[in-house]
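A short write-up of the structure that comes next.
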Amino acid sequence: MNEKEKLAIELQRIGAVKFGIFTLKSGLKSPVYVDLRLLISEPQVLRLVGKALAQKAEEEKLEFDVIAGIPFAAIAIATSVSLEKNWRMVFPRKEQKDYGTKRLVEGKFSKGETCLVIDDLITDGASKFEAIGPLEKEGLKIHDILVLVDREQGGKKTLLKEGYHLHSVFKITELLEILHVHGKIEDIYYESAKEYFANPERWNG
């Protein structure tokens, strides 16, 4: 079993990969829900996630000066990556404070530096622009977004239209395949998930 398979199984063990009927932000139903907010309570698995993301960034030969975690789920994840490689980290605020420094981006950085954006997962990609906006407004250059899980529901294409490149440790179909091969998903849930990701609208119909 390789490191990627071990990580997939650990994610399922802590309950980060759930099966049932869930309503997504888009309003569509899904038979699979990936809840990576649980990682803050699972330091050993969080460490594995940080290592996997750091390795992916190096494998893809991504060039950057600083990393940014998207609030809130990815702040802990990006911190794990930062500690793994001693990479400097910042994060964009969801709302600008009207007191203190009134900064849009917390952490040390310089205008003109290149920033690698890190998030937990991506679905259609729309929410990523909310986080990218403040970073670019403060003078950081964004070329790449790195996530743990790509739900393969249009996010990569959405980002590419705006000139951003998506990189992921797992595609959701790959993650499910690993769990199925290792007997961590019952056949009925696996087949339902496969049908869903092949055509979410038809599955919802």
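Every number in this text was worked out from the coordinates using simple rules, so none of it is lab data. The structure displayed is predicted, hence computed values, not measured ones. All Cβ positions, glycine included, derive from the backbone under ideal geometry; neighbour counts span all protein chains shown.
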Check: So in region 3-204, what percent of DSSP beta bridges are antiparallel if you round to the nearest 5?
Finding: 25 percent
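To the nearest 0.05, what FRET efficiency results for residue 113 and residue 40 with a Förster distance of 30 Å applied to their C-beta separation?
On the way: r = 27 Å, r/R0 = 0.91.
Once the sixth-power term is evaluated, E becomes 0.65.
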Notebook entry, point to check: Once every DSSP H run of n ≥ 4 in the chain is given -39500 (n - 2.57) and the sum is divided by its residues, what mean residue ellipticity at 222 nm do you get, rounded to the nearest 500 deg cm²/dmol?
Noted result: -12500 deg cm²/dmol
Checklist line | Note, ³J(HN,Hα) from phi for region 16-24, Karplus 6.51, -1.76, 1.60, rounded to Hz, x at Gly and Pro | finding: 6, 10, 10, 10, x, 10, 10, 9, 8
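For each of 145, 9, count neighbouring Cβ atoms within 10 Å of the residue's Cβ, then give the residues from fewest to most. Let's see the in-between values first.
Details: 145 24, 9 16.
With the sparsest Cβ surroundings first, the list reads 9, 145.
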Check: Taking the Cα centre of region 3-204 as origin and charging only Cβ (+1 Lys, Arg; -1 Asp, Glu), how large is the dipole, in debye to the nearest 20?
Finding: 540 debye
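Rg/Rh for the chain: what does it come to with C-alpha atoms and Rh from Kirkwood? Present the calculation step by step, with values, prior to reporting the outcome.
Details: Rg = 17.2 Å, Rh = 17.6 Å.
Checking Rg against Rh, the ratio lands at 0.98.
Considering only Cα-Cα distances, which of the following residue pairs are longer than 30 Å: 29/184; 6/137; 18/128; 61/171?
Numbers: 29/184 22 Å; 6/137 39 Å; 18/128 23 Å; 61/171 19 Å.
Pairs exceeding 30 Å: 6/137.
Can you put 150, 65 in order of Cβ neighbours within 10 angstrom, beginning with the fewest? Kindly include the intermediate steps, with their values, before the conclusion.
Working: 150 22, 65 15.
Final ranking by Cβ density, sparse to dense: 65, 150.
Among 58, 84, 195, what is the fewest-to-most ranking by other Cβ atoms within 10 Å? Mind showing how you got there, number by number?
Working: 58 10, 84 17, 195 13.
Listing 58, 84, 195 from fewest to most nearby Cβ atoms yields 58, 195, 84.
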